[in-house]
1. In region 69-113, what count of residues is obtained for those that are over 14 Å from residue 132 (Cα atoms) and either without any contact (Cβ under 8 Å) to a residue 12 or more places away in the chain or part of a loop (DSSP other than H, G, I, E, B) (or both)?
2. For residue 115, state whether it is among the small types (Gly, Ala, Ser) and crowded, with 18+ Cβ neighbours inside 10 Å.
3. Take region 118-130 and flag every residue that is of a type outside the set (D, E, K, R) and surrounded by fewer than 17 Cβ atoms within 10 Å (Cβ to Cβ).
4. Before we move on, is residue 140 assigned to a helix (DSSP H, G or I) and not assigned by TED's automatic domain parsing to the domain that holds residue 24?
5. Residue by residue through region 28-69, note down the ones that are among the basic types (Lys, Arg) and farther than 30 Å from residue 82 by Cα.
6. Which residues, taken from region 1-35, are in a strand (DSSP E or B) and either acidic (Asp, Glu) or closer than 20 Å to residue 134 by Cα (or both)?
7. Out of contact with any Phe, Trp or Tyr (no Cβ under 8 Å at 6 or more places or on another chain) and either over 28 Å from residue 11 (Cα atoms) or surrounded by 13 or more Cβ atoms within 10 Å (Cβ to Cβ) (or both): which single residue out of 82, 99 fits that description?
8. How many residues, within region 116-145, are of a type in the set (S, T, N, Q) and closer than 19 Å to residue 68 by Cα?
Amino acid sequence: MRKAKYRIWDNIEKQMVDVQELEFDDITGEPIAAVVWRPDGEDTYPVQFTVDGEREAFLIEFTGFKDKNGKEIYEGDIVKYVARDVYGNCDSGYEIRGVGEVTYDERIGCYIVMSDEDESNFIDICELEVIGNIFENSELLEQAE
C-alpha cells in the first residue's frame, strides 16, 4: 500500500509547498488547515483552505507514479505524454502524443491525463514527463492547443 502524500498550492503566497501536517473537519472529512514547509525548508507556517468563502490553498495528492525522469507526479501537473496506439502498442509509430493535465477520474477510479484532443488513463500511457502544473504554468496547456 502506498503512503498518502500531498503538496499544497498556497494561493496567497503563490507558491507550491510541502505538507508537514493536515487538519481535517471531524464531520465532513474535508481538509480545513495545514502546516506547510517554506520553500527553503527552514521553517513552517499555517495555511487555511478556505477563508470567507475564498480558496486560500489547494491540497494536491501524489498519484503514486513518477515520470520518465523520476519526478513525482501530482494531480494538477501538466505532462507531455505518449499513449498507446489503438492496438495497445507503445512503439508502432502511431501512438497518441500530447500535453495534458493529470486529474483523478472518479467515474473510472484512476488517474488520467486530460487534454483537448484526448483523455488517457495511466494504464494506456507509455511515457510521461512533468513539464509544469496548472497553478504556475497554465499557459503550457494553452500553448498545446
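The values are calculated or read from the model by the stated rules, or taken from the named source; none is laboratory data. Here the structure is a predicted model, which is why all the values come from computation and not from measurement. Reconstructed Cβ throughout: ideal geometry from the backbone, glycine too, with neighbour counts over all protein chains shown.
1. So the answer is 18.
2. Taking the combined requirement at face value, the residue satisfies it.
3. 121, 123
4. So residue 140 passes the test.
5. Scanning region 28-69 gives 38, 55.
6. 6, 7, 8, 9, 10, 15, 16, 17, 18, 19, 21, 23 - these are the residues of region 1-35 that are in a strand (DSSP E or B) and either acidic (Asp, Glu) or closer than 20 Å to residue 134 by Cα (or both).
7. Selected residue: 82, the only one of 82, 99 that is out of contact with any Phe, Trp or Tyr (no Cβ under 8 Å at 6 or more places or on another chain) and either over 28 Å from residue 11 (Cα atoms) or surrounded by 13 or more Cβ atoms within 10 Å (Cβ to Cβ) (or both).
8. 3
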